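What follows is a single structure, written as structure tokens, with notes after it.
The values are calculated or read from the model by the stated rules, or taken from the named source; none is laboratory data. Remember, it's a predicted structure, so these values are computed and weren't measured experimentally. Neighbour counts run over all protein chains shown; Cβ positions are idealised from the backbone, glycine included.
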Amino acid sequence: MKRAVVLVALVALFVPSASIGAGPITVFAAASLTGVFPQIDRTPRYSFLGSDQLALQLQQGAPADVYAAASPKYPELLYHQGVVRKPVTFATNKLVVIVPRSNPAHISSVYDLRRSGLRVVIGDKSVPIGSYTRQILDALGITVDVTKNVVSQETDVKGIVAKVALGEADAGFVYVTDARPVAGKVRVVPLPGWAQPPIRYELAVVKPSAAATAFVKKVLSKRGRTLLQRAGFGVPPLKKK
């Protein structure tokens, strides 16, 4: 009996855990991907947060298999640090302003956000949505007038959406894809196309495995691209072989 117990213990030591039964992979992804990634693949464990927060966790050794960010900044940084494999662009997006459905501040243009007394919510400058917002405000020449009305700087885009949808703010800058799920609670105020910053999402394998590679292929597949487009994302043209 004792000999059998010892044998089982030795097998547990030398047989790779993956062969005993590996669990689902872990995907770190930007908050704006919360709705679409589970449609593409329901099996991974997802952690949706601001791209910068996830990058910091990866730098500190957090266990993840794949990383998807709303900007090339962090994937490229992690790639040069040797934390992730070479990133690939898989989606694009656009900025819009959202206001509560009742629109009590009567906002019809981004230029209305210069009026004093408004409550505007934007992303923190460390996260992609905050960086993109500052870029478009600079391009429009209204940074000073709008930022004086900023009452909150959120660490991810979901925080901005929530405050506007709940009527805790008069307006907020978000991705067009984030406005769709709350269409019954907010209205969209388009932003000038000429001022839009280029918004690119990048995807990278953190811990190489067949499952991680398969997930990336699903995102880049025809079905994955179709689901991204249905969610309002743009997709880059397929590279010719």
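Observations, loosely collected:
- Scanning the range 98-147 for residues being touching an Asp or Glu at 6+ places or on another chain (Cβ under 7 Å) and of a type in the set (D, E, K, R) gives a total of 3.
- Residues that are among the polar types (S, T, N, Q) and either surrounded by 21 or more Cβ atoms within 10 Å (Cβ to Cβ) or at pLDDT below 95 (or both) occur in the range 93-101; there is at least one.
- Pairs are defined by a Cβ separation below 7 Å, a sequence spacing of at least 6 or placement on different chains, a first member in the range 151-169 that is modelled with pLDDT of 95 or more and charged (D, E, K, R), and a second member that is assigned to a strand (DSSP E or B) and surrounded by fewer than 21 Cβ atoms within 10 Å (Cβ to Cβ); the pairs so defined are LYS163/SER152.
- The strands (runs of 3 or more DSSP E) found wholly in the range 46-122 and carrying at least 3 residues that are under 18 Å from the mean Cα position of the chain (by Cα) and either over 25 Å from GLN196 (Cα atoms) or not hydrophobic (A, V, I, L, M, F, W, C) (or both) occupy 88-93.
Okay, residues lined up against (1) out of contact with any Asp or Glu (no Cβ under 7 Å at 6 or more places or on another chain); (2) of a type in the set (Gly, Ala, Ser):
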position	(1), (2)
ASN149	yes, no
GLY159	yes, yes
TYR175	yes, no
PRO190	yes, no
LEU203	yes, no
LYS207	no, no
PHE233	yes, no
